[in-house]
Structures are given as structure tokens and as C-alpha cells.
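Worksheet for the structure shown next.
What follows draws every value from the coordinates through simple rules; no lab data is involved. Predicted model, so just to flag it, every value in this text is computed and none were measured. Here the Cβ positions follow ideal geometry from the backbone for every residue, glycine too, while neighbour counts run over all protein chains shown.
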Amino acid sequence: MSALHLGTQGFTYPSWVGPFYPTGTPATAFLEHYARHFDTVELDTTFYATPRLSTILGWRQRTPADFCFAAKFPQVVTHEKGLVGCADDAAAFVGAAQNLEQKLGPLLLQMPPGWSAAGLADLAAFLAQLPAGPRYVLEVRHKSWLAKDTLPRLLELLAGHQVALCLVQHAWMPRLDIVTAPFVYIRWLGRREEIPDDDFSHVRINRDAQLDAWAAQIKGYLRAGLTVYGYFNNHYQGHSPASVRALQLRLTPDSSAVPQ
């Protein structure tokens, strides 16, 4: 059975109060309001450190039964140690994340822009040590990974571990249509310099052509029986909840089914 989960990258944005969260909503109530509209979110806070158990249990308790959390691996794993000598750090994070139980979505290894294909052997060793159970995703941001002598080896490695290659919409990487796992993970990003004031209250960039193309691509994944997870950043258009809704409208024949 295929399934579609669309949400945003983070939910703690004060400028969403008014256009998305009801006026006067305190930050402590953001998650509950968010979960009334979308069934998933990508957590950015986990990039900075593994959350406390009380925080994880709070996320689990404050969301509906069908909600799921995707989360970034901590930067100590991806950026500071580059996947080397960090098996304990990774296992500790995965163990903590599993306290989300049935609400645990994919766990994202977002690698730094300078991490090149020279790290292929390190990646292979790291994936071999990852705890079994969760769904894992790898995001690469260096074009050396897409070289014709490297990409097949990367895809073979990921497919062998059923790790998804993150499909990214961003200026620094070409758009991809590659499946290496029983699910697909998509991230829509934008340039920070295009919205430098961090006012994320409304759409400021037209991405209709890109969204049309992505809708067609996603429909193909769903027809193939794949589960699709997709997350929008505010910098993609200016207001990521609106980006989610715009894509939902393209994927939902009956627009009344889209949360307003």
C-alpha cells in the first residue's frame, strides 16, 4: 500500500502566528495546531543534539495516532565526525528516537556540502553498523556523488541497506528521480538570501512549474506502491504551510479534502 506524508521542515516559527496558527497561539501550543493540518513534520532541532526523553515523549503525546516525525541525525554524526568513529553517537540518537514508537518516521543523514564521494567507504562502514528498525535517508550535497563512476556504487550500497537517497529541490544539486528503498524522501529547499528577513508569513516566490513537475513525479511513486515523505522549507517559497497545500491540491482530485 502506498501512502503520502507531506509536511514542513520545523514548526516553531513565530511569523506563522496569524496566517497559519491562530492569533495569540503560544509557542507551547504550536505542535498541536500544526498536527490538525498535516500528518508529519521534519524535526530540525535534533540536528543540534539528541533531545531529552521528556521532549520526545511530549511530541508523542501531543500528536494524533497517525502522526509521524522525521528527524535529522545530530551534527556530531554528520558534520563533526563525518560518519567516522560515531557508532555510539548514532546508536544513542536512534535509541532515543525510537521512543516515538509508531510515530517514528525516517531518520535523515543530512551531510555537509563539503562531504564528497571520497567518503564512500566511510559511508559503507557506517551503514553496516546502524541499528535495525528505522527507515534511514541519506542527503548528499556534493556533486561528486553523482559522477558516472560513483553514482552506481552509491545506489548499490543504499539499496543493499534499503536506505533512501534524499531527492532535493535546490539550486546546488540537480533534480533526481531515483528510488533505492521501499519509500521516497523529498526535501524542498530555497536560498536563504532570497528571504533574508526571516518573515515566513506569506508566499513570496512562485514555484508553480516546479510543483507541477513534482506532482507528476510523486504520482508515479504512489502508483508504484511506494510511501512518499516530503518536507518543505520556508525559504522554498516563503511560507512552507502554503507550499504543502499547493502540492496537496495538485495530488488531490477533490480539493475539499485538503486541510485549510
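The table for this structure:
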{"read-out": "19 Å reach of a label modelled at GLN75, 7 Å along Cα-to-Cβ, counting backbone N of the range 97-117", "value": "108-116"}
{"read-out": "Residue order, fewest to most beta carbons within 10 Å, for LYS103, LYS72, LYS143", "value": "LYS143, LYS103, LYS72"}
{"read-out": "Nitroxide proxy distance, nm - points 7 Å out along Cα→Cβ at ALA3 and ASP199", "value": "3.9"}
{"read-out": "Computed over the range 3-257: relative contact order in percent, which uses C-alpha pairs under 8 Å that are six or more apart", "value": "20"}
{"read-out": "Tilt relative to the chain, helix 120-129 - C-alpha long axis, 0 to 90 degrees, to 10", "value": "80"}
{"read-out": "Gain in span if fully extended, ALA118 to ARG62, counting 0.36 nm per residue against the direct Cα distance", "value": "15.9 nm"}
{"read-out": "Relative packing of 238-249, 123-134, which averages over residues the other C-beta atoms within 10 Å, highest first", "value": "238-249, 123-134"}
{"read-out": "Approximate spin-label separation TYR48-ALA224, in nm, with each point projected 7 Å along Cα-to-Cβ", "value": "3.7"}
{"read-out": "Sequence of GLU101, GLU42, GLU80 once ranked by neighbouring C-beta atoms within 10 Å, starting from the fewest", "value": "GLU101, GLU80, GLU42"}
{"read-out": "Reach of LYS81 by Cα under 24 Å, taken over lysines that are not fewer than 8 positions away in the same chain", "value": "LYS72, LYS143"}
{"read-out": "Fraction of antiparallel bridges per DSSP, the range 3-257 only, in percent to nearest 5", "value": "5"}
{"read-out": "Gap separating the Cα centres of the range 140-154 and the range 35-91, nearest whole Å", "value": "27"}
{"read-out": "Stokes-Einstein diffusion coefficient of the range 145-260, Kirkwood radius over Cα pairs, 4 °C, 1.567 mPa s, in µm²/s", "value": "84"}
{"read-out": "Unit charges on C-beta of K, R, D, E only; dipole of the range 48-106, Debye", "value": "200"}
{"read-out": "Radius, Kirkwood style, for the range 1-146 when every pair of distinct Cα atoms is counted (Å)", "value": "16.4"}
{"read-out": "Neighbourhood charge, 13 Å Cβ-Cβ cut-off, centred on LYS81 and excluding it, Lys, Arg +1 and Asp, Glu -1", "value": "-4"}
{"read-out": "Signed unit charges on C-beta, dipole axis of the chain, positive-most listed residue ALA209, TYR34, ILE186", "value": "ALA209"}
{"read-out": "Added length on full extension, which subtracts the Cα-Cα distance from 0.36 nm per residue, ALA216 to SER144", "value": "23.1 nm"}
{"read-out": "When the convex hull of its Cα atoms is projected in every direction, mean area for the range 1-68 (nm²)", "value": "5.4"}
{"read-out": "Dipole axis of the range 3-257 (+1 Lys, Arg; -1 Asp, Glu on Cβ), positive-most option in ILE218, THR25, LEU127", "value": "ILE218"}
{"read-out": "Pairwise FRET efficiency - GLN129 versus ALA159, Cβ, R0 = 25 Å, nearest 0.05", "value": "0.90"}
{"read-out": "The range 146-195 - percent relative contact order, Cα under 8 Å, separation 6 or more", "value": "34"}
{"read-out": "Cβ-placed point charges (K, R +1; D, E -1), dipole of the range 3-257 about Cα centre in debye, nearest 20", "value": "300"}
{"read-out": "Packing-based order for 219-229, 176-186, 24-34, using average beta carbon neighbours within 10 Å, highest first", "value": "176-186, 219-229, 24-34"}
{"read-out": "Rel. contact order, % - alpha carbon contacts under 8 angstrom, at least six apart, the range 47-150", "value": "30"}
{"read-out": "With Cα atoms, 0 to 90° folded angle of helix 208-223 axis to the chain main axis", "value": "60"}
{"read-out": "Rounded to whole Hz, the Karplus (6.51, -1.76, 1.60) HN-Hα couplings of the range 173-180, x for glycine and proline", "value": "9, x, 6, 10, 9, 10, 10, 10"}
